[in-house]
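Throughout, read-outs are computed from the coordinates displayed, never taken from laboratory work. Just so you know, these numbers come straight off a predicted model, no measurement behind them. Methodologically, a virtual Cβ is constructed for each residue, glycine included, from the backbone with ideal geometry; neighbour enumeration extends over all protein chains shown.
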Amino acid sequence: MQVIGLCRFSYPAYGGFQIEHDTIEERRQYLYNPARLEERFRLFETTTLPCFKEQTDEDFRLLIIIGECLPKLAYDRLHDLTAGMKQVTIIAREPMRQRKVMKEVINAARGNFDAPCLQFRHDDDDAVSVDFVERLRGALEDGRGLIEKSRTVAIDYNSGFLARFGPDGILATQKFQPLLGVGLGMYVRGGCDQTVMNFGHHRIGNFMPVISYPDAPMWVRTLNQFNDSFHARNNKAELLPLTPEQEGEFIARFAIDQSRVRQVHSAG
């Protein structure tokens with residue numbers, strides 16, 4: 001079954017952000033602020049890319065949506081970072097309503113619209129476990145009864161870590177939180193044009209059954225100065241340096257190497 005992931009990388013949509021702007025030009029100026037872009041790239045390089053490079057099931061697509069107006073230096077850097085990743089397709093679009101353009105992009109990527117598929121959304125500053133795609137496929141068997149009766153079914157991994165990355169490494173705490181968005185997938189029946197981006201992730205359970213897994217940590221959500229979510233930007237969770245055991249867990253589960261985090265986030 002086809003697995004399609006979608007990641008917005010500073011795409012200047014109409015809507016889709018909790019931080020609001022009056023015009024698209026103001027949104028572009030915010031998104032393309034050099035300090036913000038530098039932070040996004042450092043997080044993207046140390047969270048998103050490692051975990052998707054090391055997926056135990058390599059049969060998936062990761063669509064990275066950018067604006068046609070993304071500055072050339074950023075455009076080139078994004079292409080350089082993802083070079084060699086056969087799963088990645090970078091798609092440039094003009095500013096549009098967020099849900100409309102994301103729905104179009106995902107449905108255009110379906111190889112056979114009449115066949116069912118699995119979808120997931122992913123932020124450019126987060127990570128999922130290296131067995132995320134494999135476990136999404138496994139959830140189809142676990143939820144066979146629900147899937148046979150439903151057009152769409154959400155698959156939620158609600159255990160993970162909140163973390164801050166910086167020159168001194170990683171501060172983190174384990175967290176259980178349902179429907180966070182990261183670590184959330186969705187089964188879509190063949191012929192159904194709904195996508196994982198049609199729904200606010202916190203409310204997806206209002207519209208379909210949810211299969212929930214609270215077992216192994218399946219995601220890392222970073223807290224940083226440019227989080228779109230007010231609650232993430234102002235999160236007061238107590239974060240502590242990784243223990244040696246957690247440092248090994250971050251490598252094994254997320255392909256996140258703390259020494260690489262220090263190196264990237266210490267760059268001038």
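Charge dipole (Cα centre; +1 on Lys/Arg Cβ, -1 on Asp/Glu Cβ; no other charges) of segment 121-194 amounts to roughly 320 debye. Quick one: longest stretch of the chain between exposed loop trypsin sites (Lys or Arg not before Pro), exposed meaning at most 13 other C-beta atoms within 10 Å and loop per DSSP? No qualifying site falls inside 87-235, the longest such stretch. Across the chain, the longest piece that holds none of the chymotrypsin sites (Phe, Trp or Tyr not before Pro) lying in DSSP loops with up to 15 other C-beta atoms within 10 Å covers 1-112. Based on Cα atoms of segment 131-268, Rg over Rh with Rh as the Kirkwood radius reads 1.03. Of all alpha-carbon pairs in the chain, indicate the percentage at a distance above 26 angstrom. Cα-Cα pairs in the chain separated by more than 26 Å: 39 percent.
Multiplying the residue separation of residue 259 and residue 207 by 0.36 nm and subtracting their alpha-carbon distance yields 14.5 nm.
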